[in-house]
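Read the structure below first, then the notes.
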Amino acid sequence: MSQRDKPADPKPYYEAHVFCCTNRRPAGHPRGCCAEKGGEALRDHMKSRAKALGLKNVRINNAGCLDRCELGPTLVIYPEGVWYTVPTKEDIDEVLETHLVKGGRVERLMLQPNEKLPSDRKVPTTVG
Ligand code: FES
């Protein structure tokens, strides 16, 4: 089948589908893991806050390792494919409010495709 013959994709089932890494590795693993950085509690917080906000057609799921462990706790939101590092519940709240409610982006928490390690992060600074 050529690209030309490819049928149109159906529209996404969910308006937003969030995958929160909750992977756990043995203590001392060189890459660490999102669970040891609070990934499970952050996922639980995101689910309960999304429900309290009344977000419709938004699904928040557990994910196994997303392979960006050093930058965790990580989550990714589809269909946009925007990645975030979310170390705190307040960060989760900001992603919920800014990205999922208002359709914006939380730039300071976004992971870029070329980021592999925390040292690659160029966190935007506030000019003021
Ligand atoms: S353990 Fe979360 S990205 Fe690998």
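The values are calculated or read from the model by the stated rules, or taken from the named source; none is laboratory data. This one's a predicted model, so the numbers in the text were calculated from it and none came from an experiment. Neighbour counts run over all protein chains shown; Cβ positions are idealised from the backbone, glycine included. Surface areas here come from the heavy atoms of the whole protein model, side chains and all, with no ligands, DNA or RNA. Shrake-Rupley method; radii C 1.70, N 1.55, O 1.52, S 1.80 Å.
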With +1 on the Cβ of every Lys and Arg and -1 on the Cβ of every Asp and Glu, the dipole magnitude of the chain about its Cα centre, in debye rounded to the nearest 20, is 200
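Relative contact order of the chain: what whole-number percent is it, with Cα pairs under 8 angstrom and at least 6 residues apart? It would help to have the intermediate numbers written out before the result.
Details: 178 pairs, mean separation 31.9, N = 128.
Reported as a whole number, the value is 25 percent.
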Mean Cβ-within-10 Å packing, highest first, puts peptides 15-22, 34-41 in the order 15-22, 34-41
Here FRET efficiency (C-beta to C-beta, Ala8 to Val101, R₀ 25 Å, nearest 0.05) is 0.30
Over 30 Å (Cα to Cα) among Lys6/Lys102; Lys89/Lys116; Lys11/Lys102 -> Lys6/Lys102
Regression test value, accessible area per residue of the chain, probe 1.4 Å, units Å², expected 63
Looking only at aspartates and glutamates whose Cα falls under 19 Å of Lys51's and that sit 8 or more positions away or on another chain, we get Glu15, Glu40, Glu90, Asp91, Asp93, Glu94, Glu97
Quick note, the chain: a/c under 1.5 would make it rounded; otherwise a/b > b/c is prolate and the rest oblate (a ≥ b ≥ c, C-alpha gyration tensor); here it is rounded
For the chain, the percent of accessible surface on carbon and sulfur atoms (probe 1.4 angstrom, ligands and nucleic acids excluded) is 52
